[in-house]
Amino acid sequence: MKRQKRVEALEKRPVHLDGFVDEWPEEGLIAMESPSDPKPSVKVVAGKIVEMDGKSEAEFDLIDQFIAKHAVVAKDAEKVMAMDSLKIAKMLVDPNVRREEIIPITTAMTPAKAAEVICQLNFAEMIMATQKMRPRKMPATQAHVTNIRDNPVLLAADAADAALRGFPEQETTTAVARYAPLNAISIMVGSQTGRPGVITQCSVEEAMELNLGMRGFTAYAETISVYGTEQVFTDGDDTPWSKGFLASCYASRGLKMRFTSGSGSEVMMGYAEGKSMLYLETRCIFITKGCGVQGLQNGAVSCIGIPGAVPSGIREVLGENLLCMMLDIECASGNDQAFSHSDIRRAERLLGQFIAGTDYVSSGYSSVPNYDNTFAGSNTDAMDYDDYYAMQRDLKINGGIIPAKEEDLIKVRNKAARALQAVFKALDLPAITDEEVEAATYANTSQDMPERNMVEDMKAAQGVLDRNITGVDVIKGLYEGGFQDIAETVLKLLQQRIAGDFLQTSAIFDKDWNVISAVNNCNDYHGPGTGYHIDDDLWEKIKAVPMAINPSDV
């Protein structure tokens with residue numbers, strides 16, 4: 001067939017490299033309103049839910065049992081379930097209805113009712129509702145700090161870089177699992193060099209992740225996954241109860257944590273039971289609430305390619321973020337996993353959470369080029385900084401980061417690398433050379449770094465565990481190495497672990513170690529002139545993008 005030239009040209013556009021698929025409800029490839037989604041219902045007898053969403057108590061699977069007992073406020077359930085879903089949706093959007101009026105309603109709904117309410121909203125209405133429903137008044141965002149060589153010197157420098165740019169939380173992981181102790185130490189030292197009060201985590205296997213936290217190398221965790229169908233849960237040798245127990249292990253040791261879920265995981269694992277992605281995600285959010293966990297990382301996360309491939313999928317993702325907030329828990333709203341070759345679609349994916357503001361607009365903005373992102377790349381990375389700064393400036397929005405001057409970045413990257421050099425020397429770990437410090441100061445990616453002896457580093461990482469090294473040893477190494485100021489910030493971080501104040505919903509620290517959370521910084525938006533507004537000092541920083549011309553210099 002003779003081709004039309006414009007159509008041929010369009011087919012060469014980056015968006016054609018993305019995956020798109022027609023809906024297939026039977027296998028769960030449908031974002032919202034599957035024909036197999038249950039209809040909302042509830043029956044309460046003597047304060048106990050004995051029927052929920054079309055199932056009697058005898059028919060409950062383990063997720064239904066858990067949600068009915070622990071996640072739905074039973075005393076108000078029948079009254080709330082009798083309310084019109086459209087009316088509840090209008091309350092969410094109406095700026096005259098305060099958040100505190102809505103939470104008693106949304107926490108007494110069943111999963112099917114919650115999904116039905118979300119389905120009443122278009123994308124713009126979800127943005128309006130999200131602006132009001134996020135728990136913490138001030139939005140923020142979170143960084144990925146990784147590299148494919150697990151180079152500790154570069155990790156420290158990049159963590160300091162990200163902290164200076166304003167990320168209050170940083171997450172690392174490993175290319176090789178055995179590196180975890182060194183990576184956790186490196187990002188902790190680097191982040192505290194960049195800005196006191198940043199909290200960090202190392203995303204690895206759950207037992208090791210808890211081990212690292214107990215040693216004082218990390219301050220929070222979020223990769224504790226929950227799922228929306230029983231088969232997926234049990235395939236992972238888990239139940240809602242086992243996840244709840246794990247959550248209590250973290251909290252009892254002063255470690256902030258949130259669960260992770262996201263639409264598409266059940267489809268990917270082959271057990272969606274014909275339900276929509278939104279409905280299955282409602283179950284995950286209710287499980288999180290029932291476990292007493294203060295927050296959730298959701299918004300498809302690593303499965304974003306699946307909702308991103310079906311109609312209304314990106315709308316569904318914002319809807320599941322909103323539902324998380326409706327249950328009064330912290331929301332780290334995805335925008336992390338790369339999913340599109342199209343820059344326009346990447347911006348579209350980010351836009352709802354960015355405009356509305358969430359507790360963490362991204363649960364993993366890659367603060368390094370995606371080449372080095374061992375989480376398989378992020379929707380935005382270090383090469384997008386100036387675009388992101390411009391978006392904040394254009395719209396007068398706090399997206400969670402601020403511009404930084406090159407000379408300040410060089411200074412803080414160098415200090416972080418030297419601080420880690422001192423720690424490695426004090427702990428008798430493989431030496432960090434002055435050449436590596438210099439390279440990390442100016443590096444863009446791990447390609448700019450000298451080779452390290454990875455075998456020796458892995459042995460040393462195991463040695464950290466075998467020798468029972470803790471955060472106190474890191475503090476001593478910093479102090480004796482001449483970095484008393486960083487030693488003091490790491491000590492304050494461990495002291496905060498004992499106090500536990502930052503375990504509250506949506507908690508972050510400012511540079512003076514003041515906790516900012518949904519308790520003392522609650523979202524009070526109820527229309528224009530209320531809620532969060534950028535203060536003058538922050539606005540001056542956001543305006544100061546590196547490419548701006550000062551007219552007086554022309």
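Scoring 248-261, 180-193, 494-507 by mean Cβ neighbours within 10 Å over their residues and listing the highest first yields 180-193, 248-261, 494-507. From the alpha carbon centroid of segment 486-554 to that of segment 331-384 is 20 Å.
If you take all other residues with their beta carbon under 14 Å from the beta carbon of L494, and give Lys and Arg +1 and Asp and Glu -1, the sum is +3.
Between 0 and 90 degrees, the angle of helix 471-480 with respect to the longest Cα principal axis of the chain falls at about 30 degrees.
Can you give me the angle between helix 180-194 and the longest principal axis of the chain, using Cα atoms only, in degrees from 0 to 90, rounded to the nearest 10? In the chain, helix 180-194 runs at an angle near 80 degrees to the longest axis.
Note: relative contact order over segment 385-471, using C-alpha pairs below 8 Å and six or more positions apart, is 20 percent.
The order of W241, W513, W539 by accessible area, most exposed first and with a 1.4 Å probe, is W241, W539, W513. When the Cα atoms of segment 139-238 are aligned to their principal axes, the ranges along those axes come out at 44, 34, 25 Å in descending order. In segment 37-157, Cα pairs under 8 Å separated by at least six residues give a relative contact order of 25 percent.
Annotation for segment 1-106: chymotrypsin sites (Phe, Trp or Tyr not before Pro) lying in DSSP loop with at most 11 further Cβ atoms inside 10 Å of their Cβ are F20.
Look at [x] 67, 61, 54; [y] 73, 53, 44; [z] 69, 59, 48: the one that is Cα extents along the principal axes in Å derived from this structure is [x]. For the chain, the longest principal axis of the alpha carbon atoms and the long axis of helix 123-133 meet at an angle near 70°.
Over the chain, Cα pairs under 8 Å with separation of 6+ residues give a relative contact order of 21 percent. For N122 and N550, the FRET efficiency from 1/(1 + (r/R0)^6), where r spans their Cβ atoms and R0 equals 51 Å, is about 0.75. Each of I285, S186, M269 was placed along the dipole of the chain (beta-carbon charges, centred on the mean Cα), and the one lying farthest toward the positive end is I285.
By accessible area, using a 1.4 Å probe on protein heavy atoms only, segment 487-549 has 52% of its surface on carbon and sulfur. What whole number of Å gives the distance from the Cα centroid of segment 234-263 to the Cα centroid of segment 69-96? Here the answer is 27 Å between Cα centres.
For K43, what is the net charge nearby, where nearby means another residue's Cβ is under 12 Å from its Cβ and Lys, Arg count +1, Asp, Glu -1? Around K43, the surrounding residues sum to -2. DSSP finds beta bridges in the chain, and of those with both partners inside it, around 35 percent are antiparallel. Between C249 and A177, full extension at 0.36 nm per residue minus the direct alpha carbon distance yields a gain of 23.7 nm.
The values are calculated or read from the model by the stated rules, or taken from the named source; none is laboratory data. Fair warning: this is a prediction, and the values are worked out from it, not measured in the lab. All Cβ positions, even for glycine, are placed from backbone atoms using ideal geometry, and neighbour counts span all protein chains on display. Just so you know, the surface numbers come from the protein's heavy atoms only, side chains and all, with ligands and any DNA or RNA stripped out. Shrake-Rupley method; radii C 1.70, N 1.55, O 1.52, S 1.80 Å.
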